[in-house]
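Notes follow once the structure below has been shown.
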Amino acid sequence: MILELDFEQYVPMQHQLTEAYFAFRASGNKDFDAADDSETYQCYPLQKNGSLNVFTRYIIPKKELQPILFLL
């Protein structure tokens, strides 16, 4: 999948239970690495074409999210 995502603004994640892809705005949420598992994140679904659907939001606990790592 080619992501049309501004990586300076959004952090891509995968939902562990459904394996769906999401992204959250970095400036609007706590630092993911420093947060405990009880923190929640306002996430936007990534569509099949790689774009972000900013009109749909989900509140997802950190313990259900895993970072997507990219090699640059």
Next on the checklist: Which condition from (1) surrounded by fewer than 11 Cβ atoms within 10 Å (Cβ to Cβ); (2) more than 12 Å from the chain's Cα centre (by Cα); (3) in a loop (DSSP other than H, G, I, E, B) is the one that SER27 breaks?
Outcome noted: (3)
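Given the criteria farther than 12 Å from TYR10 by Cβ, touching a residue at least 12 places away in the same chain (Cβ under 8 Å) and either in a loop (DSSP other than H, G, I, E, B) or charged (D, E, K, R) (or both), does ASP37 qualify? First the steps, then the outcome.
On the way: farther than 12 Å from TYR10 by Cβ: yes; touching a residue at least 12 places away in the same chain (Cβ under 8 Å): yes; either in a loop (DSSP other than H, G, I, E, B) or charged (D, E, K, R) (or both): yes.
Answer is yes for this residue.
Every residue in segment 1-24 that is among the hydroxyl-bearing types (Ser, Thr, Tyr) and assigned to a loop (DSSP other than H, G, I, E, B), please. Even if it seems obvious, please write down each step before you answer.
Taking segment 1-24 and keeping what is among the hydroxyl-bearing types (Ser, Thr, Tyr), we get 10, 18, 21.
THR18, the sole residue that qualifies.
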Next on the checklist: Which pairs turn up if I take residues in segment 18-32 that are under 16 Å from GLY50 (Cβ atoms) and in contact (Cβ under 8 Å) with a residue 40 or more places away in the chain and look for partners that are surrounded by 14 or more Cβ atoms within 10 Å (Cβ to Cβ) and hydroxyl-bearing (Ser, Thr, Tyr) with beta carbon separation below 9 Å, at least 6 apart in sequence or on another chain?
Outcome noted: PHE22/TYR41; PHE22/TYR44; PHE22/TYR58
Checklist entry - Do the conditions hold for LEU52, that is, is it under 12 Å from the mean Cα position of the chain (by Cα), touching a residue at least 24 places away in the same chain (Cβ under 8 Å) and farther than 16 Å from LEU69 by Cα? => result yes
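In segment 40-63, is there at least one residue being loosely packed, with under 10 Cβ neighbours inside 10 Å, assigned to a loop (DSSP other than H, G, I, E, B) and in contact with a strand residue (DSSP E or B) (Cβ under 9 Å, 6 or more places away or on another chain)? Can you show your working first?
Filtering segment 40-63 down to residues loosely packed, with under 10 Cβ neighbours inside 10 Å leaves 48-49, 55, 59.
Retained after the next criterion (residues that are assigned to a loop (DSSP other than H, G, I, E, B)): 48-49, 55.
If we keep only those that are in contact with a strand residue (DSSP E or B) (Cβ under 9 Å, 6 or more places away or on another chain) as well, we get 55.
Scanning segment 40-63, I find at least one residue that is loosely packed, with under 10 Cβ neighbours inside 10 Å, assigned to a loop (DSSP other than H, G, I, E, B) and in contact with a strand residue (DSSP E or B) (Cβ under 9 Å, 6 or more places away or on another chain), so the answer is yes.
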Checklist entry - Can you pull out the residues in segment 19-49 that are among the small types (Gly, Ala, Ser) and over 12 Å from GLU64 (Cα atoms)? => result ALA23, ALA26, SER27, GLY28, ALA34, ALA35
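No value in this document is a laboratory result; all are computed from the given coordinates. The model shown is predicted, which means the values in this text are computed figures rather than measured ones. Because the Cβ atoms are built from the backbone with ideal geometry, glycine has one as well, and the counts that use them run over all protein chains shown.
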